[in-house]
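Quick one: the structure is below, and I'll ask about it shortly.
Rule-based calculations on the coordinates, nothing more; no lab input. Bear in mind the structure is a predicted one, so any value in this text is a computation, not a measurement. Positions of Cβ are backbone-derived with ideal geometry, glycine not excepted, and every protein chain shown enters the neighbour counts.
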Amino acid sequence: MKKPNLSLYRIFRKMGVPREQVALKTNLYKDLGFDASDINILLFFIESRFNININEKEIGRLVTIGHTINFVEEKIDEYGNY
């Protein structure tokens, strides 16, 4: 199965994240300054691109770009698509 890394990279770039800041350890809040609106936009892009649903309880797992990649991979496996 193809990993979603490239698609997530494109999502972060579309959101205005500089190329050099798209790294696994980059913290969405501390390093990128994401707020609730940014997270909602990110969720919209992820849910649309990967055809998955993310509930409010799961949002807390999205702390770094690496966490986000792992989370999306788990959801893709759960939904059996991509």
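Suppose every K and R has +1 on its Cβ and every D and E has -1 on its Cβ; what is the size of the dipole of the stretch 5-79 about the Cα centre, in Debye to the nearest 20? Display every interim value, and only then the final one.
Working: 10 positive and 11 negative charges, 61 e Å.
So the magnitude is around 300 debye.
Taking every pair of Cα atoms in the stretch 5-79, average 1/r, invert it to obtain the Kirkwood radius, and report Rg/Rh to two decimals. Each step should come with its number before you reach the end.
Details: Rg = 11.3 Å, Rh = 12.3 Å.
Here Rg/Rh amounts to 0.91.
Same structure again: Count charges around GLN21 for me, please; just the other residues with Cβ under 15 Å from its Cβ, Lys/Arg as +1, Asp/Glu as -1.
+3
Over the stretch 5-79, calculate the relative contact order: mean separation of alpha carbon pairs under 8 Å at least 6 apart, over the residue count, as a percent.
Numbers: 52 pairs, mean separation 27.8, N = 75.
Value for the stretch 5-79: 37 percent.
A follow-up question, please. Ignoring everything except DSSP H segments at least 4 long, calculate the 222 nm mean residue ellipticity for the chain; use -39,500 (n - 2.57) per segment, divide by total residues, nearest 500. The partial results should precede the final answer.
Numbers: 3 runs with 40 residues, N = 82.
Mean residue ellipticity, 222 nm, calculated: -15500 deg cm²/dmol.
Taking amide H positions as placed in the peptide plane 1.01 Å from N, state which residues far from THR64 in sequence (5 or more) or on other chains have amide H under 5 Å from it.
When sequence neighbours closer than 5 places are left aside, the close amide H contacts are LEU28.
Using θ = phi - 60° and the Karplus form 6.51 cos²θ - 1.76 cosθ + 1.60, what ³J(HN,Hα) does each residue of the stretch 61-71 get, whole Hz, x for Gly and Pro?
7, 8, 9, 10, 5, x, 4, 5, 4, 4, 4
Within 10 Å, count the other beta carbons around each residue, average over each peptide in 61-67, 9-15, and list them highest first. Could you put the intermediate results ahead of the total?
Details: 61-67: 16.9, 9-15: 15.3.
Answer by packing, highest mean first, reads 61-67, 9-15.
Name all residues of the stretch 55-82 having a backbone nitrogen under 15 Å from the label point set 7 Å from the Cα of LYS25 along its Cα→Cβ direction, giving them as ranges.
Output list for this probe position: 64-67.
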